[in-house]
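Rule-based calculations on the coordinates, nothing more; no lab input. Every value quoted in this text rests on a predicted model; they were computed, and no experiment measured them. Positions of Cβ are generated from backbone atoms using ideal geometry, with glycine treated the same way; all protein chains shown enter the neighbour counts.
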Amino acid sequence: MISDVVKRWATAATTAAVVLASAHAAHAGDYQPQVDVGKAMTRLIREQVAQTQAYVRVATARYQVLILESRRAAQAEAERQAAEQARQAAAAAEEAKKPKYVRPADGVFTSGFGARWGTTHFGIDIANAIGTPIRSAADGVVVEAGPASGFGLWMRVRHADGTITVYGHVDRILISAGRAVKAGEQIATMGNRGESTGPHLHFEVWLGGSRKIDPLGWLNANGVRV
């Protein structure tokens, strides 16, 4: 803006010099009209000053508009960020309320972990009607969902610490392998497939991904009662 003002003053000076030269040329002739050089210069300078002032007013107005728009944009961005932070905080609070471990299915506890009929029963059984929801016992990733010997259909879910939970005799698989699941999310329905004497969920816990432990102890340790 300052450089523009300087340019305008330079233009005014140049114009004044031209007028002055014209005035001298006018005096050189006997019949040329007399020119009031001072008044001409004053008039030109005033015109240039007026133009410069008008330019400054316009530039100032535009600058003020830009400042206002910038402040509005900054305010809008601040409000957007505040809203996003509030949304994230609310989501985190809601997530914190959710249980980290849940009972894998509703129903009647019918069989525990241990020796049974000359073999070892490596899980627990929860009986209920076919179609009863089966839920992931904790957050994890489905690592297998499909046919399995003795179970008809099963699902295996790997959890963050490497533990795997097993869900056998399912009637219908709802989540495919590779999908992440949350604690309490329905992954299948209870069925009577495979070597089963009635509709139930056979639930196992493999510590470290391979060592089969009593699911009741694991559930109890994580605040879940069956």
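Each peptide among 153-166, 83-96, 108-121 gets the average number of other Cβ atoms lying within 10 Å of its residues, and from highest to lowest they stand as 153-166, 108-121, 83-96.
Using R₀ = 35 Å, calculate the FRET efficiency as 1/(1 + (r/R₀)^6) where r is the Cβ-Cβ separation of I130 and A92; round to 0.05.
Details: r = 38 Å, r/R0 = 1.09.
With R0 = 35 Å, the Cβ-Cβ based efficiency is 0.40.
Would you tally the net charge around G168, using a Cβ to Cβ cut-off of less than 12 Å, leaving G168 out, and scoring K and R as +1, D and E as -1?
The answer is -3.
Evaluated at q = 0.12, 0.14 Å⁻¹, a Debye calculation over the C-alpha positions of the stretch 75-130 (equal weights, vacuum) places log10 I(q)/I(0) at -0.57, -0.63.
Report D for the stretch 177-221 in µm² per second (integer): Stokes-Einstein, Kirkwood Rh on Cα pairs, 10 °C, 1.306 mPa s.
123
Within the same chain, lysines fewer than 8 places from K182 are excluded, and of the rest, those with a Cα less than 27 Å from its Cα are K97, K98, K100, K212. Taking the Cβ of A145 as the centre, find all other residues whose Cβ is under 14 Å away and add up their charges (Lys, Arg: +1; Asp, Glu: -1). With Lys, Arg at +1 and Asp, Glu at -1, the neighbours total +2. Among I124, I67, sorting on how many other beta-carbon atoms sit within 10 Å of each Cβ, with the fewest leading, yields I67, I124.
Modelled spin-label separation between K100 and R172, with each label point placed 7 Å from Cα along the Cα-to-Cβ direction: 3.3 nm. Along the Cα-to-C-beta direction of V226, a point sits 7 Å from the Cα; which residues of the stretch 151-188 have their amide N less than 19 Å from that point? So the set is 151-159, 163-171, 183-188.
Length gained on full extension, L207 to Q53: 47.2 nm, using 0.36 nm per residue less the C-alpha separation. Let me test this: with uniform point scatterers at the alpha carbons of the stretch 108-221, what is the Debye-based log₁₀ I(q)/I(0) at q = 0.10 1/Å? Listed by q, the Debye log ratios stand at -0.25. Taking the centroid of alpha carbons for each part, the stretch 72-87 and the stretch 147-202 are 44 Å apart.
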